[in-house]
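The values are calculated or read from the model by the stated rules, or taken from the named source; none is laboratory data. Note that the coordinates shown come from a computational prediction; the quantities given were computed from them, not determined experimentally. Methodologically, a virtual Cβ is constructed for each residue, glycine included, from the backbone with ideal geometry; neighbour enumeration extends over all protein chains shown. Side chains included, ligands, DNA and RNA excluded: accessible areas come from the protein's heavy atoms. Shrake-Rupley method; radii C 1.70, N 1.55, O 1.52, S 1.80 Å.
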Amino acid sequence: MDVQASMNDFILQVEHLSMKFGGLVAIGDLSFQARRGEITALIGPNGAGKTTVFNCITGFYKPTEGMITLNKRDGSTHLLERLPNHEIPARANVARTFQNIRLFSGMTLLENLLVAQHNKLMRASGYTFLGLFGFPSYRQASAESIELARHWLEKADLVDRADDPAGDLPYGAQRRLEIARAMCTGPELLCLDEPAAGLNPKESASLNELLIDIKDNTGTSILLIEHDMSVVMQISDHVVVLEYGRKISDGNPQSVRTDPRVIAAYLGVDDEQVEEVLTEVGDEDVIEQLDTGPDSAHGPGNSASMMAGPVSDTVEHADEGERVTVSKGASKAAQVDARAAAIASKPAAKRSAAKAAPKKTVAKAPAAKAASASKGKEAAVKPASGKRGGRK
Amino acid sequence: MAVTVSPERDVVATPIQRAFREALYAGAIALGLFVLFIGLRTDQNINNELILVQRWALLGFVVIATAVGRFLYVGYAQPAMERANAEKAKAPAAVAEPGFVRQNFNKIGVAVLLLYPVAMVLAFGFQGSLKWVDNFGIQILIYVMLAWGLNIVVGLAGLLDLGYVAFYAVGAYAYALLGTHFGLSFWILLPAAGCMAAFWGVMLGFPVLRLRGDYLAIVTLAFGEIIRLVLINWREVTNGSAGVSGIPKVSFFGLVSFNVSDPNYIAKVLHIAQSGAYYKIFLYYLILGLCFLTAFVTIRLRRLPVGRAWEALREDEIACRSLGINTTTTKLTAFATGAMFGGFAGSFFAARQGFVSPESFVFLESAIILAIVVLGGMGSLGGIAVAALVMIGGTEILRELDFLKAVFGPDFTPELYRMLLFGMAMVIVMLWKPRGFVGSREPTAFLRERKAVSGSFTKEGHG
Ligand SMILES: Nc1ncnc2c1ncn2[C@@H]1O[C@H](COP(=O)(O)OP(=O)(O)OP(=O)(O)O)[C@@H](O)[C@H]1O
Ligand SMILES: [Mg+2]
């Protein structure tokens, strides 16, 4: 990351963000940046605090500490943690979607997209008064808003169903509609909370296309939470990894994927078993997954992606008394760090190296078997062998 | 009393056999149930002693009636219904083109409303038409207007308001007090009453903005009661429970008056015979005009961003906020607009009655208005108008239950059963049409064709 880059290169800067729910530290001292015109992915295991970060950025939560700066194209700067909830989309041009889809299900697709243009139309209708008496200026604005809605319906491949209720759409189409609705607000930053959750491979591919199209043709920067690694690796330019509310890795997709702390965090096993799991699970399922994309049975419940998990949203959790204090020892990434430090200071770790040696051969055998040995496969295997090398 | 028989035996028994058996069961159950209820009755004799009257004949009659009813139902009605259903299933599901009445419902409705007083006068003469124009026409239209006003808050914005009658009261007292003390005309006070009610709508809106669902309902209910208690206890201004009387009549924009003593009394101006019916007919058209205004504004608002925001708020408030909609002002405008129409209706009510007292603004009124909105189908103007006709017209018609005296004897007081019948009718309608008469929603914009949105997708709102 180029520290010298000018301020305006970054559309979003999150600095020392903390969010506490009673005793639970959902986000602890998180800092990261998102570049203008890029797709930044925010990943992490379930409960890592990704949705909470989104809720802080979009004003649904007021962060306990920290600063969230949004730099608009025109050079103006907004401190998002100070803006009221509804002014963040209206003034700072940040739009979002939700982990559990939130459409206006009783309204038609077209109406959903018209509601998204509320503020623009409100001004055009003279705050209702001119519109009530049918002034032509409002009629023109109304026609324009329908054109914009049609544009995004076409992009989302939903124009044939424009006059159907949103609740009647299949799941994948609802996800696309939610993105189209967010785009109708004319955002500079689009925050997507697990847009690919529950999509089949075909829908997932068309979603990728839509996102790339948004990035290339509208100049909207995208911040993306995603469990589906095929989506993350294919479309994101920059990845930030969270675990227990803390950033454990940050960089381009390749470097993040090979980061041992990320692997440990995702597999979530005792440090003694990390290698074992990597060789057994990693080789046959995960690596193939990374290469070939999600399998046909891919869905919210039975995803084979190693990072998929139950879909739940936390926007309305506030009063459920779900207060969990996470001990620091629970973090797998921290364990990897601690162990690396311990190994460096203790050269007499030969016993475990000897134990690991036979496993290494097991790990390599199936890898060699697979014909298409690509970078994805190596990426996941390398950190494991690298770690073992370090122990010798 | 459904006596279920295991299906294996059904196969063997013919319907008549089965019916006979079930009739016996039903008779036995009826006997067991009613032997104490009907067969025996405690009473007083002349010496004020408690005695037991035996009514075996009546009991026998009831039991036999039950058994025969069950026999006919199982033996004949059920097979006939099954046959009819089977035939219907066999026939290709012809998409029923909605009939002429249904297609042109609104136009027909408007025409009927406009011609109604004329028809009544032709049918019953000026004096005879009074009851039909006043008790039915005006009464129903007041509730149509109130329900259309509440529809903005409950049906569109999804905010459950149990204290709507408070705004009705504000409008009525605004006209009553300003009209009697300052002699201002109805045409000035009508907008003033609307503004005052809207102001109180905003006043109510502020504290309840953060509340949802049951909590909101309770606070609005309390608000309605507060206004009523203030009206009762602020004697210096409102004259307490005695109410305000001598409220001036409405004039035809000051040109024609309806007071017999005035020089420009309508009968003198037009050189026709004196009659109280002119004023009632005038009032009928006045409230009809106010209703049309409410409908026009509601239809227009729904197609404006503010109306769409109301409906979006009903569907999902969090999504609204994520799209930059200021939910606070959106809720307040809904409260204010709904309250304004309540205020209009209130000042009309005061002008029509000539007298207002806190008695007219009890919780039951709020409940009836809300029931009309729910029964009509939340958000639909046509459905709500029909519901008002059924509810208010129905209760008025039920006053005329005198024919029942012929059936139950001269001591029978039919008025007592009015509310019972009314409640039963409501339960039946809600079972038959759980989303009200018109469950579907008209979209406010369309690309290719306007398709009604089925009620199963729309939400009721939660706040
Ligand atoms: N309003 C709230 N009140 C209390 N705790 C909360 C609240 N919102 C989130 N949390 C807690 O914060 C932690 C992070 O939750 P968050 O929803 O941000 O995780 P996530 O990374 O989005 O997970 P997932 O992948 O399952 O969506 C969880 O332990 C959650 O229970
Ligand atoms: Mg989440």
query: Using a simple charge model, +1 on the beta-carbon of Lys and Arg, -1 on the beta-carbon of Asp and Glu, nothing else, what dipole does the range A:1-111 show about its Cα centre, in debye to the nearest 20?
result: 220 debye
- request: Identify the trypsin sites (Lys or Arg not before Pro) of the range B:206-257 meeting these criteria: DSSP loop state and at most 12 other C-beta atoms within 10 Å of the C-beta.
  value: B:210
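Under the classification rounded if a/c is under 1.5, otherwise prolate if a/b is larger than b/c and oblate if not, where does chain B fall, given a ≥ b ≥ c as square roots of the Cα gyration tensor eigenvalues? Don't jump to the answer; show the numbers that get you there.
Numbers: a/c = 1.85, a/b = 1.43, b/c = 1.29.
Prolate shape, in that a/c is at least 1.5 and a/b is the bigger ratio.
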message: What do you get for trypsin sites (Lys or Arg not before Pro) in the range A:70-156 restricted to DSSP loop and a cutoff of at most 14 other Cβ within 10 Å of the site's Cβ?
response: A:73
- request: Would you tally the net charge around residue B:143, using a Cβ to Cβ cut-off of less than 15 Å, leaving residue B:143 out, and scoring K and R as +1, D and E as -1?
  value: -2
Rounded FRET efficiency, nearest 0.05, which uses the C-beta distance separating residue B:119 from residue B:328 and R0 of 45 Å: 0.40
- prompt: Spin-label point model (7 Å from Cα, Cβ direction): what's the residue B:29 to residue B:181 distance in nm?
  reply: 6.5 nm
field: Distance in nm between pseudo-label sites at residue B:411 and residue A:132 (7 Å out along the Cβ direction from Cα)
entry: 5.9 nm
- prompt: Put +1 on the Cβ of each Lys and Arg and -1 on the Cβ of each Asp and Glu in the range B:23-158; which of B:24, B:45, B:73 then has its Cα farthest toward the positive end of the dipole?
  reply: B:73
For the range B:13-90: accessible area per residue (Å², 1.4 Å): 71 Å²
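Please give the average number of partner chain Cβ atoms lying within 10 Å of the Cβ of each residue in A:98-106, rounded to a whole number.
Taking the mean over all residues of the peptide, I get 6.
In nm², what is the average projected area of the convex hull enclosing the Cα atoms of the range A:198-266? List each step's numbers first, then the result.
Details: hull surface 20.5 nm².
Computing the convex hull of the Cα atoms and averaging its projections yields 5.1 nm².
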task: Could you state how much accessible area is buried at the A-B interface, both sides summed, with a 1.4 Å probe, in Å² to the nearest 100?
output: 3500 Å²
task: Could you go through the range A:25-31 in sequence order and give the Karplus-derived ³J(HN,Hα) for each residue, using 6.51 cos²θ - 1.76 cosθ + 1.60 with θ = phi - 60°, rounded to whole Hz, and x for Gly and Pro?
output: 8, 6, 10, x, 6, 9, 10
task: Would you work out which of B:252, B:84, B:59 lies farthest towards the positive end of the dipole of chain B? Charges go on Cβ: Lys and Arg +1, Asp and Glu -1.
output: B:84
- request: List nothing, just return the count: lysine pairs in chain B, 8 or more apart or interchain, with Cα separation under 27 Å.
  value: 18
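When the dipole is taken about the Cα centre of chain B, and only Lys, Arg (+1) and Asp, Glu (-1) are charged at their Cβ, what size is it in debye, to the nearest 20? Intermediate results must be reported in sequence, preceding the final value.
Numbers: 37 positive and 28 negative charges, 229 e Å.
Its charge dipole is roughly 1100 debye.
Just to confirm a number: summing +1 for Lys and Arg and -1 for Asp and Glu over residues other than residue B:28 whose beta-carbon lies under 12 angstrom from that of residue B:28, what do you get?
Details: positive: B:21, B:70; negative: B:22.
Summing Lys and Arg as +1 and Asp and Glu as -1 gives +1.
What average number of partner chain Cβ atoms lie no more than 10 Å from the Cβ of the residues making up A:86-92?
Values: counts 11, 3, 3, 5, 4, 1, 1.
Mean shielding count: 4.
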- request: Beta carbons within 10 angstrom, averaged per residue: use that to sort the peptides B:54-63, B:37-46, highest first.
  value: B:54-63, B:37-46
